[in-house]
Amino acid sequence: MRQNNKPNSPIGGNPILIFAIFTIVVILIFKVFSPGGSVLSGGISQTISYYELKQLIENKEVEQVSIGQTIIKAQGDKDGQNIIYTAKKVNDSSLVPLLDSKSIPYSGFSETNWFTDMLGWLIPVFIILGLWMFMASRMQKSMGNGIFGMGNAKKLVNAEKPKVRFDDMAGNKEAKEEVVEIVDFLKHPDRYASIGAKIPKGVLLVGPPGTGKTLLAKAVAGEANVPFFSMSGSSFIEMFVGLGASRVRDLFDMAKKEAPSIIFIDEIDAIGKSRAAGGMISGNDEREQTLNQLLAEMDGFNSDSSPVIVLAATNRPEVLDPALLRPGRFDRQVLVDKPDFNGRVDILKVHIKSVKLSRDVDLQEIARLTAGLAGADLANIINEAALLAGRANKQEVSQQDFREAVERSIAGLEKKSRRISPKEKKIVAYHESGHAVIAEMTEGASKVNKVSIIPRGMAALGYTLHTPEENRYLMQKHELIAEVDVLLSGRAAEDVFLGEISTGASNDLERATDILKSMISYYGMTDVSGLMVLEKPRNSFLGGGLGNQREFSEKTAEDMDNFIKSTLNDRYNFVKQTLTDYKEAIELMVSELFEKEVIDGSRVRDIISEFEVKNNLPTRLVAREQLDD
Ligand code: ADP
Ligand code: ZN
C-alpha cells in the first residue's frame, strides 16, 4: 500500500508554528539568565505599609530607596542581613524632601522590563496566529484541500495495490468473465499494441449498491498487479467552480505516472448526470466543467503500451450523460447484479472463511432466507452472527446466531435493499413465468434470455430478460401487439394461478397502454383516426415537451379511450386462456424458479416443448391474432 499523505507530526511542519516555538524558547532562556526586574534585589523581601516605610526612613533604617510607578522599594539591614522592603506607593510629595534631609540615596525605576514589555505584544500576536491557523485547518478539512492546495486531489485519491483476487468475489460469473480480458490488456499491453488494437479505456460497472462493484474493480487491479487509484464521484464536486475539473486532472496525472494502472470512480452519476436532465438551464456549472474535464482526459490519454483503464460504478446508468457512453469512453457496460441462490451460497462461503462455525451451520438455509440481498448485506450478516456468538461467550457461531443476524439485518435494511418474503417470491415467480411463457409462444415477441425473481436495480421485483432476435428499427403491427400480450401476461398469470392480482404489474400496464396509444396516434395503425397523426412524438424538439397540446376532437379522444380499453381487455383474455392451457408448464417453471431464483431462456423453452409433446399439442403455439379493427 502506498501512502500519498506525508505522515503528519503534531505541529504539522508549519513554519509559522516552528518560528513561534523558537521565539518562546529564546525568551525563556533570556529570562533565566537575566537578573531580576528592578534595581533592588537579593536578600529577604518583606512587604510593608507606606507608613512603616516612612518610619524606617525617618529612623534612617534603610540605606537606599528605589521609586517605581506604583511601588517603592527600600534596602535595609536587619540583624546583619540584607532586606528589601516593598511598599505600595501613596501620593505623597513630602517623600523626596524627607529622603534628602536624611541623605538617603534614591532613584526611580521602571516596573516593567523588556521581557514583560515583549510579552505584552507577543501574547496577542500568538493568539491571533493560533486562531488563524485553527480556522485555516478547519477550512482545509471542509474543502478537502483548501485554499492552499486548490484542486490538489492527492489527499482524496486512494492509491493502493490491491491484493484482492477474482476468487474473493463470489457469484456474478458473467461480470467476472467480462472483465477478465481487461486484466490481460493491463498485463500484456504490447501484445495488443503490436497488432494495432486499441485497448478500451472505460468500463462501466452497473448494479445496485453492495453487489461488489468496487470489489470487482479492485480484483481486476489485483489480478493484473497494477496500482489502483480510486475516488468517489461525489468528492469531485465542491463548492468552488473549477475544483472538480482540476481534481480530475490530478487523478489522471497520478494514474498516468504509474501506468499501466486502474482508475476507479465510484458513483460516477454524481458527475456524469445527463446535462439535459437538469432542465434547459443547467444549474450546475461545476458539474459540467468536471464532466468535460473527465471527457477530455479520457479522449486525451492514449498510450497503448502502458494503458490506464478507467472503471466506473453506478446504480443509475439511465441518468448518465450520453457523451460518457460514446465509443472511446465508457463504451463497455458490465452488469453486476444481486446474487441468486447459488451466488449467495458462494458469497457466504467466501466470507465465512475466517469464522469458527459450529457443525449445525447450513449455508443453504441462510441463502434461502436472504433472497434479494446483496453481497455486502451477506458479509454484514456473517459479521453480525459472529458478534452475537461472541457476546454470548460462545466458541463457535451456530445456525441460530445466523438466523438472528438475518432477522436483525433485515430490520435495518428495510430501506436500502429489500429482502423478498416467500409470499412475494411466489407472486413474482408466477408473474415472471407468465411473461416468459407468453413471450416464447408469441410470434413477433422477443425471446426469453433469462427469468429471475431477484429484483434487479431498484424498480422491478423480478425480471424477464428478452433479447430481440435481431437489431431492429422497424416494428410491424403484429410485433407491437405481441409486446402488449407479453406485458399483460404477468398480471394475467397472477390472476389465473393465484386468483388475486398485485401491484407488481403497474409498469407493465403503463407500457402496454402506451404502445396502443402510439399505434393510434403516431403510427396510424388503427381505425380510430385512420392515417391521421394525433400527436407529435413527445421527445422531439419541435412539438410536445411542455404541455402536449391536444389537436383532436373530444369524440376522437373518447374513441381512443374505448379502443385502448377494449383492446387491452381482449388481449388480456386471450393471454389468460393461453396461460390456463399451459398451466402444467407454468407450475413446473414456478417451482424451479422458487428453488433456483434464476432460469435460462433455454430451460423455459424445454419446459414448454416437453409439455407440448407430452400433451400432443402442436409444438409452438403461435399466439397471433389479427386485431379486429
Ligand atoms: P459496491 O461497490 O457494488 O457498492 P462493494 O464492492 O463496495 O459494493 O461491496 C462491499 C462489500 O461487500 C465487499 O467489500 C465485500 O466484502 C462484500 N461483497 C459484495 N459483493 C460480493 C461478492 N459478490 N462476493 C464477495 N463479497 C462481496
Ligand atoms: Zn411484469
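The values are calculated or read from the model by the stated rules, or taken from the named source; none is laboratory data. Keep in mind that what you see is a predicted model, and the values were worked out from it rather than measured. Here the Cβ positions follow ideal geometry from the backbone for every residue, glycine too, while neighbour counts run over all protein chains shown. Protein only, heavy atoms only, side chains kept; ligands, DNA and RNA dropped before computing areas. Shrake-Rupley method; radii C 1.70, N 1.55, O 1.52, S 1.80 Å.
Things to note:
- Residue match in segment 382-395 (condition: of a type in the set (Gly, Ala, Ser), in a loop (DSSP other than H, G, I, E, B), at pLDDT 85 or above and more than 13 Å from ligand 1 (Cβ to nearest atom)): yes
A quick yes/no check of all residues on (1) of a type in the set (D, E, K, R); (2) within 13 Å of ligand 1 (Cβ to nearest atom); (3) in a helix (DSSP H, G or I); (4) surrounded by 18 or more Cβ atoms within 10 Å (Cβ to Cβ):
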site: 171; (1), (2), (3), (4): no, yes, no, yes
site: 174; (1), (2), (3), (4): yes, yes, yes, no
site: 226; (1), (2), (3), (4): no, no, no, yes
site: 231; (1), (2), (3), (4): no, no, no, yes
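- Residue list for segment 329-349, filter: surrounded by fewer than 17 Cβ atoms within 10 Å (Cβ to Cβ) and either part of a helix (DSSP H, G or I) or free of Cβ contacts under 8 Å to residues at least 12 places away in the same chain (or both): 342, 349
For (1) modelled with pLDDT of 85 or more; (2) among the basic types (Lys, Arg); (3) more than 27 Å from residue 297 (Cα to Cα), each residue gets a yes or a no:
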| position | (1), (2), (3) |
| --- | --- |
| 165 | yes, yes, yes |
| 169 | yes, no, yes |
| 188 | yes, no, no |
| 194 | no, no, no |
| 199 | no, no, no |
| 203 | yes, no, no |
| 206 | yes, no, no |
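- Residue match in segment 188-209 (condition: among the small types (Gly, Ala, Ser), closer than 19 Å to residue 316 by Cβ and open to solvent by 20 Å² or more (accessible area, probe 1.4 Å)): no
- Scanning segment 495-539 for residues that are away from ligand 2 (no atom under 16 Å from the Cβ), buried (at least 16 other Cβ atoms within 10 Å of the Cβ) and hydroxyl-bearing (Ser, Thr, Tyr) yields 518, 521, 526, 529.
- Applying the condition of being under 19 Å from residue 55 (Cβ atoms) and open to solvent by less than 70 Å² (accessible area, probe 1.4 Å) to segment 98-114 and asking which residue is farthest from the chain's Cα centre (by Cα) yields 102.
- Members of segment 486-539 found to be part of a helix (DSSP H, G or I) and closer than 21 Å to residue 474 by Cβ, listed by number: 486, 487, 511, 512, 514, 515, 516, 517, 518, 519, 520, 521
- Output for segment 194-215, where each listed residue is within 10 Å of ligand 1 (Cβ to nearest atom), of a type outside the set (Val, Ile, Thr) and assigned to a loop (DSSP other than H, G, I, E, B): 207, 208, 209, 210, 212
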